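Only one structure is covered here, and it is reproduced in the block below.
The values are calculated or read from the model by the stated rules, or taken from the named source; none is laboratory data. For clarity, every value in this text was computed on a predicted model and none was experimentally measured. Heads up, the Cβs are rebuilt from the backbone with ideal geometry, glycines too, and the neighbour counts pull from every protein chain shown. Heads up: the accessible areas ignore ligands, DNA and RNA and are worked out on the full protein's heavy atoms, side chains in. Shrake-Rupley method; radii C 1.70, N 1.55, O 1.52, S 1.80 Å.
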Amino acid sequence: MAIRNIIQVGDEILRKKSKPVREFDEKLGELLDDMRETMIKNDGCGLAGVQVGILRRVIVLDVNHMKIELINPEIIDSYGEAIEREGCLSVKGETGYVKRPKEVTVKAQDRYGNEFILTGVDMLARALCHEIDHLEGILYIDKVIKDYKEKKDKK
Ligand code: CO
């Protein structure tokens, strides 16, 4: 396993659309292992392939102590909305409030190509949406609600 370099905002690769994974081989496993190691090393809770320069539809997540890998993920259902603060390993030192669905259901494949369905609420729903946006070349900063003040901030 190896720590990979995380590409920072301003690099145009982050704006490109990632391609579907077709080969569920050893190389994919290596990429996923490296991505996980890189995410942990940088105290992140999610990382998409494009962030390490690989334009493939792969995501690793570490939310609520759940280690999740998603290949070719697709949001098939969503419900409600929630505004919370988020950040990104490709936008260091910044956070912002973004509106996301409260709950999303995603269809994806594991590293061996097996399909599964995952429903995430709150933090996990947010992380799934954030990472799937990366696969489309979208960054959370595109969606930040400017001047948003959380209710509990005001007290
Ligand atoms: Co991100």
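What the table shows:
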{"read-out": "Ranked order, 85, 56 - accessible area, probe 1.4 Å, largest first", "value": "85, 56"}
{"read-out": "Segment 1-86 shape via C-alpha gyration tensor axes, a/c threshold 1.5", "value": "rounded"}
{"read-out": "Accessible-area value, residue 143, 1.4 Å probe, nucleic acids and ligands omitted, Å²", "value": "80 Å²"}
{"read-out": "Relative contact order, percent, the chain [alpha-carbon distance under 8 Å, six or more residues apart]", "value": "24 percent"}
{"read-out": "Cubic angstrom per residue, convex hull over Cα atoms of segment 40-101", "value": "110 Å³"}
{"read-out": "Longest exposed-site-free window of the chain, the sites being chymotrypsin sites (Phe, Trp or Tyr not before Pro) in a DSSP loop that have at most 13 other C-beta atoms within 10 Å", "value": "1-111"}
{"read-out": "Reciprocal mean inverse distance between Cα atoms of segment 82-136 - Kirkwood radius, Å", "value": "12.3 Å"}
{"read-out": "Largest-first principal axis extents of the Cα set of segment 45-155 (Å)", "value": "49, 29, 24"}
{"read-out": "Highest-fluctuation residue, 86, 74, 30 considered, GNM on the chain with Cα pairs under 10 Å", "value": "30"}
{"read-out": "³J(HN,Hα), Karplus 6.51/-1.76/1.60, whole Hz, each residue of segment 99-112, x for Gly, Pro", "value": "8, 9, x, 6, 9, 9, 10, 10, 9, 8, 10, 8, 5, 9"}
{"read-out": "Solvent exposure ordering (accessible area, 1.4 Å, most first) of 84, 150", "value": "84, 150"}
